[in-house]
Amino acid sequence: MDMNMSYGSDYRAIPATSIGNGVGMEVLPDLYCHTIQIVNISLVGDPSTKDFVLVDAGMPESANEIISVVEERFGANSRPKAIILTHGHFDHVGAIIELIKHWNVSVYAHELEMPYLTGQKSYPEPDSTVEGGMVAKMSPMFPIEPINLGGNVQALPSDGTVPHMPDFRWLHTPGHSPGHISLLRENDRALIVGDAFVNVKQEYLYKVLTQEQEISGPPRYLTTDWNAAKESVVKLERLNPTVAVTGHGLPLTGQYLTENLRKLVNEFEQIALPDYGKYVNKKMN
Ligand SMILES: [Zn+2]
Ligand SMILES: [Zn+2]
């Protein structure tokens, strides 16, 4: 293990939370998701085999919670074969360094996300002026400096395969961040979306708090390329997923997913695109 790892100097715990905090849900027998404050992590793998992967790494200072969720589901001292990151935003890598140290585990992310994970590049500043509520207003306190995982993070294979997830392939779904990915299992079309779209209006604190279900585009304050974000949603809708675990909000399934995802594609400008904000150019392709 490369022990030279660090968070950015702006790394800090964020007080935002939701009624979903600490709640876990078995979406499929081998797909479990758990909410850390306001963000979801997923455990992919059959609990009887102990062969599993963790997708995303929660909020800052949540390592102990993630380790106990894993041990509750897979047994004492169990550890994932790998951690796959949908992207490198603070709420998806918040506990990653403690988890790497605890499990001595490999981490994979898209090549275009690597600069943000190896200390080279900060994310653009969150847009606190974007149309939206309290979470958007709080967003200047969100960490954006790169974390540095050194040699512990590797680029995903370019052929679309996902290490230790043989039934899945990764899809590049940029817009919310340059190297954002989603994960698709082809045999049952189960999808782990990351923040390409979410199931709660993440900008609005009371909706985050109550986890009111509402399909939405990517969280607005951190999304910088809205044309790419729309293309990514179109790409995901075409896959006709049967289940979707999103980075924020409750998982979506069946007819509800199909209808709402189609609606998001057809009404992307109305539902997802903010009316104003510094990364918004209203002339969508
Ligand atoms: Zn994000
Ligand atoms: Zn997120």
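Rule-based calculations on the coordinates, nothing more; no lab input. This structure is a prediction, so every number in the text was calculated from the model and none was measured. Please note: Cβ atoms are built from the backbone with ideal geometry, for glycine as well, and neighbour counts cover all protein chains shown.
Each residue in the range 169-198 was checked for being away from ligand 2 (no atom under 12 Å from the Cβ), among the polar types (S, T, N, Q) and touching a His at 6+ places or on another chain (Cβ under 8 Å), and 1 pass. For the condition basic (Lys, Arg), in a helix (DSSP H, G or I) and either in contact with an Asp or Glu (Cβ under 8 Å, 6 or more places away or on another chain) or farther than 29 Å from Thr17 by Cβ (or both), Lys263 does not qualify. Can you tell me which residue within the range 211-223, out of those that are out of contact with any Leu (no Cβ under 8 Å at 6 or more places or on another chain) and surrounded by fewer than 21 Cβ atoms within 10 Å (Cβ to Cβ), is farthest from Arg189 (Cα to Cα)? It comes out as Glu212. Once the range 33-52 is narrowed to residues that are more than 13 Å from the chain's Cα centre (by Cα) and farther than 11 Å from Val70 by Cβ, the residue that is surrounded by the most Cβ atoms within 10 Å (Cβ to Cβ) is Val44. Annotation: of all residues in the range 212-232 being within 20 Å of Ala57 (Cα to Cα) and in a loop (DSSP other than H, G, I, E, B), the one that is nearest to ligand 2 (Cβ to nearest atom) is Pro219. Before we move on, is Asp127 within 16 Å of ligand 2 (Cβ to nearest atom), under 30 Å from Asn281 (Cα atoms), touching a strand residue (DSSP E or B) at 6+ places or on another chain (Cβ under 9 Å) and among the charged types (D, E, K, R)? No; evaluated as a whole, the condition is false for this residue. Within the range 120-157, the set of residues being over 20 Å from Pro60 (Cα atoms), under 20 Å from the mean Cα position of the chain (by Cα) and either surrounded by fewer than 17 Cβ atoms within 10 Å (Cβ to Cβ) or without any contact (Cβ under 8 Å) to a residue 12 or more places away in the chain (or both) comprises Gln154, Ala155, Pro157. Flag not set for Ala229, criterion: surrounded by 15 or more Cβ atoms within 10 Å (Cβ to Cβ), touching a strand residue (DSSP E or B) at 6+ places or on another chain (Cβ under 7 Å) and of a type in the set (Gly, Ala, Ser). From the list Lys235, Lys201, the one residue that fits, being within 16 Å of ligand 2 (Cβ to nearest atom), of a type in the set (Lys, Arg) and in contact with a strand residue (DSSP E or B) (Cβ under 9 Å, 6 or more places away or on another chain), is Lys201. Only one entry of Thr161, Thr173 meets the criterion of being in contact with a Lys or Arg (Cβ under 8 Å, 6 or more places away or on another chain), among the polar types (S, T, N, Q) and surrounded by fewer than 16 Cβ atoms within 10 Å (Cβ to Cβ), and that entry is Thr161.
Answer with yes or no whether Glu203 is in a loop (DSSP other than H, G, I, E, B), in contact with a Lys or Arg (Cβ under 7 Å, 6 or more places away or on another chain) and under 23 Å from Gln255 (Cα atoms). Taking the combined requirement at face value, the residue does not satisfy it.
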